[in-house]
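To keep things clear, I will list the structure first and then write my remarks on it.
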Amino acid sequence: MILEKINNPHDLKKLTTKELRGLCREIRELIIKVVSRRGGHLASSLGAVELSVALNYCLNLPLDALIFDVGHQCYAHKILTGRRDRFHSLRQYKGISGFPNPAESDCDSFISGHASTAVSWAQGLAEAARMKKEKAKAVAVIGDGSLTGGMCFEALNNCGHSQSDVLVILNHNEMSISSSVGALSNYLNKIISAPVYNRLRNELESFLEHFSLTKKLNAHARKFEEALKGLMVPGIFFEELGFRYFGPIDGHNLGVLIPTIKNIISLKGPKLLHVVTKKGKGYKFAEENPEEFHGASPFNVETSAPLAGNSESFGEVFARKLAKLSERDNRLVAITAAMPKGTGLNIFAEKFPEKVFDVGIAEEHAVGFAAGLAKKGFKPVVAIYSTFLQRALDQIIHDVALQKLSVIFAIDRAGAVGEDGPTHHGVFDVGYLRFIPNMICLAPKDKEELEDCLEFAALSELAVSIRYPKGAAYSMGFRERVSLGKGQIIREGKDVCIIGLGSMVKNAYQAAVSLSKEGIEATIINPRFIKPLDEELFSFVGNNFKQIFIIEEGSISCGFGSAVLEFFQKEELLQKTKVNLIGFPDEFLPCASRNELFRMYRLDTQSLIARVKNTIGEKTFSKN
């Protein structure tokens with residue numbers, strides 16, 4: 001086993017090219033083995049194995065900085081940088097993160113889980129190294145999807161303008177390598193990446209700048225050079241931004257990758273190397289269906305079949321209901337930011353393909369685009385995960401709410417998302433949406449209520465957000481018509497009141513049933529509306545219960561419980577009742593399953609039962 005000899009990137013330099021190819025095979029086998037058991041981002045990481053080996057071989061890590069955009073293609077890098085023996089713990093609590101993490105290794109510069117950030121980070125590191133007179137290199141590996149994000153273009157523009165010493169690797173994940181990527185293309189790129197060629201080019205540019213004849217001749221020479229580049233250089237766009245462009249080259253050919261990177265990295269200024277790779281390389285099922293294996297659940301390696309049954313998700317419930325509503329409301333259109341399947345909109349697209357807009361990894365644009373549609377009378381539904389919608393906060397405020405436009409925000413993965421960890425937990429959306437004027441915020445308790453909330457939103461004249469969790473959809477019953485600002489009492493009891501927001505209504509109800517067996521009768525409130533609050537209902541609660549528990553799958557800071565406390569303060573009810581807030585604390589949540597996180601932070605049913613019993617153990621019951 002070659003892999004057993006690799007404990008850090010410096011060990012790679014002892015291997016021959018043949019041994020490095022064998023190492024790539026072993027890395028792929030390990031990735032497939034672990035992901036099949038733990039789940040994770042399989043297709044993208046399999047596609048970046050040779051690239052990761054080549055970069056770890058050529059760079060001087062951790063002195064140099066290697067930054068993976070998003071980070072879901074970093075598994076080979078993790079294995080090569082001292083985490084091989086712990087790789088089996090991928091995406092588990094206290095195990096190896098599914099994304100780059102400096103707490104695990106000095107070879108990771110940043111925690112990265114959102115797209116389009118790497119070039120900005122790399123430029124910052126490069127400029128810091130320049131000012132500190134350090135020789136460290138900064139390399140950003142971006143996917144073609146990252147180029148759909150505005151932040152990436154902002155960084156490329158500034159790098160080119162500042163001539164920052166950054167190497168950007170554009171990893172183009174195509175299904176097959178195009179005809180332009182072959183022996184001739186590889187040969188030409190070896191030439192143009194060689195020091196002799198680039199020294200000659202620098203001298204030619206210097207000669208043109210200082211040529212003693214007229215500036216007019218200089219301008220003609222530059223026009224000729226630009227025309228020549230336009231004919232011969234496929235990366236003219238990047239050249240115009242101020243980058244030296246190299247490529248495209250085969251991202252699986254170590255014999256080309258290593259010498260090319262070695263030559264390019266020594267050049268000063270901004271450089272872009274375009275490599276073409278195959279998603280899922282080395283595992284035929286992932287090669288044939290890379291989208292299915294982008295974020296894979298545990299599966300059978302031999303058949304690719306998932307190990308657990310596929311239950312209908314809340315996102316799928318949302319999409320099916322949207323399709324039904326759209327049959328009678330032509331105004332409804334759907335927008336996603338590169339996640340049609342993850343949000344369920346692929347289901348909607350089967351029936352209404354012309355009414356679905358995938359804008360790429362560009363959440364800010366998605367919301368601004370929705371505002372334009374709404375202005376012309378359409379009813380756009382923006383379906384984005386909670387963690388990614390954070391990126392569009394200004395557009396929600398300025399482009400939608402301020403304009404009083406009717407846009408529906410379908411917020412998937414609201415709450416704990418499990419194994420993807422702190423970059424993906426959607427625990428902040430209540431806090432960053434409820435303070436916005438002209439915004440209605442909803443949290444349905446089950447799948448039927450999600451459908452009813454969507455129907456309500458379709459008739460609203462203001463912006464509406466609907467948050468729902470990751471996981472299998474379920475029914476609780478207790479269905480009532482959704483009316484603006486009206487909550488629901490789903491169980492009555494005289495001793496204590498438990499208010500569960502959205503997904504936590506189920507835990508609250510289960511706790512009430514168990515408490516009843518011990519002689520403690522709890523009233524269970526399903527608020528449904530985060531904003532506006534049902535003031536009549538909450539006035540009743542504040543006046544009639546000495547102990548109130550509010551449980552939510554989100555951050556307590558500026559959360560739903562805070563909204564209730566603000567109302568109680570305004571109504572001078574806090575001297576009459578004690579409010580106990582239960583939710584996630586003011587910290588970033590670790591990587592763990594949703595159920596593990598609920599137990600750790602006492603959001604599970606058993607912890608809620610214990611807390612209620614401990615709190616009212618002195619018989620501090622209601623006035624009734």
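Bear in mind these aren't lab numbers, they're just calculated from the coordinates by the rules spelled out. Bear in mind that the values here come from a model prediction, so they are computed numbers and not experimental data. Note that we place each Cβ from the backbone using ideal geometry, even for glycine, and neighbour counts take in every protein chain shown.
Overview of results
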{"item": "Formal net charge of residues neighbouring A43 (Cβ-Cβ distance under 11 Å; K, R +1; D, E -1)", "result": "-1"}
{"item": "Within straight-line cross-link reach of K375, lysines at Cα separation under 19 Å, skipping those fewer than 8 residues along the same chain", "result": "K355, K404"}
{"item": "The stretch 47-152, relative contact order [Cα under 8 Å, separation at least 6], %", "result": "33"}
{"item": "Between 0 and 90°, nearest 10: helix 118-131 axis offset from the chain longest Cα axis", "result": "60"}
{"item": "Net charge over other residues, Cβ less than 13 angstrom from the Cβ of E288 (K, R count +1; D, E count -1)", "result": "+1"}
{"item": "Within the stretch 412-507: Cβ-based charge dipole about Cα centre, in debye rounded to nearest 20 (Lys, Arg +1; Asp, Glu -1)", "result": "240"}
{"item": "Residues whose placed amide H lies under 5 Å from that of Q547, excluding near-sequence neighbours", "result": "C497, K578"}
{"item": "Most to least packed among 16-26, 98-108, 405-415, 449-459 [average Cβ atoms within 10 Å]", "result": "405-415, 449-459, 98-108, 16-26"}
{"item": "Among the listed pairs K18/K137; K5/K78; K447/K517; K321/K447, those beyond 22 Å (Cα-Cα)", "result": "K18/K137; K447/K517"}
{"item": "Under 14 Å, Cβ to Cβ, from S555 - net charge with Lys/Arg +1 and Asp/Glu -1", "result": "-3"}
{"item": "Given charges at Cβ of Lys, Arg, Asp, Glu: the chain dipole, positive-most of G471, Q92, V168", "result": "V168"}
{"item": "Cβ-based exposure ranking for S483, S593, S146, in which fewest neighbours within 10 Å come first", "result": "S483, S593, S146"}
{"item": "Lys, Arg +1 and Asp, Glu -1 on Cβ, resulting dipole of the chain about Cα centre, debye, nearest 20", "result": "800"}
{"item": "Sequence of S109, S326, S503, S89 once ranked by neighbouring C-beta atoms within 10 Å, starting from the fewest", "result": "S89, S326, S109, S503"}
{"item": "Residue-averaged 222 nm ellipticity for the chain, from DSSP H runs of 4+ at -39500 (n - 2.57), nearest 500", "result": "-11500 deg cm²/dmol"}
